[in-house]
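Worksheet: one structure, shown below.
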Amino acid sequence: MSDANTALQRDQIPAVLATETAPDKLIIDDWHTHLLGPNAGPQLSLHGIDQQLTYHYVRRKLFGAGHIDPATFNTWSLEQQGDFTWQKLFADGASDPFDEGCRGVIVAMEALGLDPNAADLHHARQYYTDTPAEEIQRRCMELAGVRRIVGTQDVFNDRERDYYENGAWDDNYLSGYRLDELVLHYPRAAVRLNAWGYAVGSDPSEAATAAEIRRFLTDWHEKLHGVVYGACSFPPQCAVHDLSSQEGAILHHAVLPALRELKLPFFMMPGPIRQLQPTWRDAGDGVGLSDMFPYQQLVRRHPDNAFFITPLHNANQYDASVLSCHNDNVMAIGHWWFNYHPGLVEQDLRMRLEMTGDRFIPFNSDARVLENLIPKWRRFRQILARVLGEKYQDLHDAGRTVTRAGIAQTLRTLFDPHRFTQLK
Ligand code: HDL
Ligand code: ZN
């Protein structure tokens, strides 16, 4: 048996990648999801066959095909929604479920020992009745190879805030401090801040107001559990660099100084267009090509801040990688929503490796339902093994000595989110 530092033959490389990227070997932190542990309660911690079938990646297909009008669907019970979706898109589907949302349901069912070809959901529901939520969570994380899960913490959400202040935290989770309400809806947020005892005015560039917003951010950093970044999504044309804009002023005077002091990166998510179809709820959001100039200016003007960036429009993923080539304080990260499809994930992984080497975090699941972890991470690991296998054979052909130890070290580096010198 050769040791980890033995030079690999070209034809040995694919098998080594397969074992080194497997979920029992490459165990990672999932750096962006919408998950919370089961003790947050069924409204906040989603799992089960009906939650998988009503996940908005699946729901949008139901509405898009005109199987049901969303307003009627929204009045049904979760089980009625699940049964209807199962019949229309799976048991009696007009086509086979190639889309990643529906395929993900099949992959998760099979992985958990359920029949993805069942005529109805009776057996699947019995499994969930018989299996404690904590066991479902443990199985999903084990099958996905996930060690800890970073959620999306919106303290302006009343139900979430109550859990963060009064609930029992699940140590499988870390916190992504989500700031959309503060940054994108400041007038509305300012009313809440004043009600919570933060004396903020209407102008976030005013010194006393900026200080109070920073105090709010710092206070909640203490109350949340294991905050690893501040995060915000932005509509496609958001002028995040423009101090005369409300968003630009809040970021410049409050959010970025607070994150710098807390030694936390800022996770930027340009591109969503919210509520294009309001009755479709979270299935009714869209995506736009983002102007990336504002982000180029923002990272350059804040050299002491660290930034992650993950644009939603896939064309902007190229811009994000270029941005990381001429700034040491920004890394591209993962995929989400409309760009996590395997074809796009593969092209982005190649582009990022070829353009930057390792200046990125390869993947995060953006999961909303615990079982989403299984298909999303399983699919990504297959892509990672294939692409890195080709890249390592290419390096081998160029004369590089390739070893199992070198491959393992590269994978550790790629999934290390703490590489920013600005946070040391
Ligand atoms: O803003 C986000 O973080 C997005 O992920 C939205 O929550 C979206 O609804 C989603 O779940 N996408 O996968
Ligand atoms: Zn998300």
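Here, each number is a calculation from the coordinates, and none is a lab measurement. Please read all numbers here as calculations on a predicted model, not as lab measurements. Positions of Cβ are generated from backbone atoms using ideal geometry, with glycine treated the same way; all protein chains shown enter the neighbour counts.
For segment 24-60, the residues whose amide N sits under 11 Å from a probe point set 7 Å from the Cα of residue 159 along the beta carbon direction are 41-46.
List the residues whose amide H sits under 5 Å from the amide H of residue 267, counting only those 5 or more places along or on another chain, with H placed 1.01 Å from N in the peptide plane. Residues meeting the criterion, in which the H sits 1.01 Å from N, are 230, 231, 232, 308.
Placing a pseudo-label 7 Å from each Cα along the Cα-to-Cβ vector at residue 135 and residue 395 gives an inter-label distance of 4.3 nm. Taking 20 Å as the cut-off, the amide N atoms of segment 98-114 that come nearer than this to a point 7 Å along the Cα-to-beta-carbon line of residue 347 belong to 98-101. Treating each Cα of segment 182-246 as one equal point scatterer and applying the Debye formula with no solvent, the log10 of I(q)/I(0) at q = 0.14, 0.17, 0.21 Å⁻¹ comes out as -0.46, -0.68, -0.99. Here the mean projected area of the convex hull built on the C-alpha positions of segment 48-188 is 10.7 nm². Computed over all pairs of different Cα atoms, the Kirkwood value for the hydrodynamic radius of segment 190-320 is 15.8 Å. Only Cα sites of segment 257-349 enter the Debye sum here, all with the same form factor; the resulting log10 I(q)/I(0) across q = 0.12, 0.13, 0.19 1/Å is -0.42, -0.48, -0.90, listed in q order.
Estimated from the Cβ-Cβ distance and a Förster radius of 35 angstrom, the FRET efficiency linking residue 422 and residue 24 is about 0.55. Remark: spin-label model distance residue 354-residue 304 equals 4.0 nm, labels positioned 7 Å along the Cα→Cβ axis.
Ignoring lysines fewer than eight residues from residue 61 along the same chain, the ones with Cα atoms less than 17 angstrom from its Cα are 88. Looking only at 23, 278, 375, which one moves most when the chain is put into a Gaussian network model with springs between Cα atoms under 10 Å? Sorting by GNM fluctuation, first place goes to 278.
Evaluate the relative contact order of the chain (contact order divided by residue number), counting alpha-carbon pairs under 8 angstrom at least 6 apart; express in whole percent. About 22 percent, as a whole number.
Working from label points 7 Å from Cα in the Cα-to-Cβ sense, the residue 123 to residue 207 distance is 7.1 nm. The length gained on full extension between residue 166 and residue 3, counted as 0.36 nm times the residue separation minus their Cα-Cα distance, comes to 53.6 nm.
Go ahead and collect, in residue order, the members of segment 314-338 whose backbone nitrogen is under 20 Å from a label point 7 Å along the Cα-Cβ direction of residue 289. Zone members listed by number: 314-324, 336, 338.
Subtracting the Cα-Cα distance of residue 10 and residue 67 from 0.36 nm times their residue separation leaves 15.4 nm of extension gain. Its Cα gyration tensor gives the chain an equivalent ellipsoid; the semi-axes, largest first and in whole Å, are 33, 31, 20. Summarising the overall dimensions of segment 105-169 from its C-alpha atoms, the Rg and Dmax are 15.6, 43 angstrom. In segment 322-400, the C-alpha radius of gyration followed by the widest Cα-Cα span (Dmax) gives 13.8, 45 angstrom.
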